[in-house]
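K.L.:
Got a structure here, written out as structure tokens. Questions coming.
The values are calculated or read from the model by the stated rules, or taken from the named source; none is laboratory data. A quick note: this is a predicted structure, and the numbers were derived from the prediction, not measured. Reconstructed Cβ throughout: ideal geometry from the backbone, glycine too, with neighbour counts over all protein chains shown. Each accessible area value is taken on the protein alone, full model and side chains, heavy atoms only, with ligands, DNA and RNA left out. Shrake-Rupley method; radii C 1.70, N 1.55, O 1.52, S 1.80 Å.
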Amino acid sequence: MDNEDGAEVQVSMRLHPSEAGKRRSDAADLADEASKAQAKYLFKWIAQAGMFVYMEGGAIPGMLGQFKEKFGLDYFALGILGSVVYLSLSLGCPFFGWLYRHYNAKPVLGIALAMNNAIMLMFALCPTSLPRLFIVLRGLVGFTQASLVVYTPVWIDEFAPKGSHATWMAWLQAATPFGIMFGYMAASAFSFSGNDTIGGIYAFRYPFLIQVILVQPYITLVWAVPSAHINVVRKFRRKRDETI
């Protein structure tokens, strides 16, 4: 009798493989939803990172007079300095969109933000004898900014609680002009300080150095939080054993 019962169980298991697969899929979906609910704490950090990354967008217009004087830029070059960031940003968006679709978002975002901050540091300290390099660095800043431009709306679409998508997106959009405003304020403070240099460093460099300092903690945060809270593609969130 026991042998017959065992045979019936084996037959039953062979007859219903889809049910076992469905249960595994449902369990994975429940785990994924739980992980998404836990990731809500990241929203404020993502919005703040977006705010500080765009400080340079306000600081540069506020410093054009000093750039003209120190780097010897004419009005045409100043126009390129102001616009190249938007051209490179537009070129970077499709590139990072492809990366996020095919790769784990955690290293993509972490490396891109680290590169953005490193380039911003080089931009801030660029020798005044190299005006062309100054413009090229601004373009690279815009290209790496695209990593955050592409990522944040997709993250909100994936992780925002039901009914909160519009509110979260509104706060995200508000963060960018706030960052630009802070950049203007920092540029104004150092422009009208009356000091050409502070501590042996040109005053116009300080707004960008402040941005580098403010953004660095968010780069560290990207590497510290679980991948399941960052990845916007479900198949990467389900890789629980990732060490990245």
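K.L.:
Can V108 be described as open to solvent by 20 Å² or more (accessible area, probe 1.4 Å), part of a helix (DSSP H, G or I), under 17 Å from V136 (Cβ atoms) and β-branched (V, I, T)?
P.N.:
No; evaluated as a whole, the condition is false for this residue.
K.L.:
Could you tell me how many of the residues in the stretch 176-185 are open to solvent by 60 Å² or more (accessible area, probe 1.4 Å) and within 17 Å of L89 (Cα to Cα)?
P.N.:
Of the residues in the stretch 176-185, 1 are open to solvent by 60 Å² or more (accessible area, probe 1.4 Å) and within 17 Å of L89 (Cα to Cα).
K.L.:
Determine if the stretch 220-227 includes at least one residue that is over 20 Å from P61 (Cα atoms), modelled with pLDDT under 90 and part of a helix (DSSP H, G or I).
P.N.:
Yes - at least one qualifying residue is present in the stretch 220-227.
K.L.:
For the stretch 130-155, how many residues are over 18 Å from V215 (Cβ atoms) and at pLDDT 95 or above?
P.N.:
Residues in the stretch 130-155 being over 18 Å from V215 (Cβ atoms) and at pLDDT 95 or above: 8 in total.
K.L.:
Another question about this same structure. What number goes with the only condition from (1) within 27 Å of S164 (Cα to Cα); (2) buried (at least 18 other Cβ atoms within 10 Å of the Cβ) that C93 does not pass?
P.N.:
The single condition C93 does not satisfy is (2).
K.L.:
Of all residues being open to solvent by less than 10 Å² (accessible area, probe 1.4 Å) and farther than 23 Å from C93 by Cβ in the stretch 116-157, which is nearest to the chain's Cα centre (by Cα)? Just the residue, please.
P.N.:
Among residues in the stretch 116-157 that are open to solvent by less than 10 Å² (accessible area, probe 1.4 Å) and farther than 23 Å from C93 by Cβ, the one nearest to the chain's Cα centre (by Cα) is A124.
Yes/no per residue for (1) part of a helix (DSSP H, G or I); (2) free of Cβ contacts under 8 Å to residues at least 12 places away in the same chain:
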{"position": "E69", "(1), (2)": "yes, yes"}
{"position": "L73", "(1), (2)": "no, no"}
{"position": "I80", "(1), (2)": "yes, no"}
{"position": "G97", "(1), (2)": "yes, no"}
{"position": "L113", "(1), (2)": "yes, no"}
{"position": "I119", "(1), (2)": "yes, no"}
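K.L.:
Examine the stretch 160-175 for a residue that is at pLDDT 95 or above, open to solvent by less than 30 Å² (accessible area, probe 1.4 Å), under 15 Å from the mean Cα position of the chain (by Cα) and within 16 Å of G57 (Cβ to Cβ), and state whether such a residue exists.
P.N.:
No, the stretch 160-175 contains no residue that is at pLDDT 95 or above, open to solvent by less than 30 Å² (accessible area, probe 1.4 Å), under 15 Å from the mean Cα position of the chain (by Cα) and within 16 Å of G57 (Cβ to Cβ).
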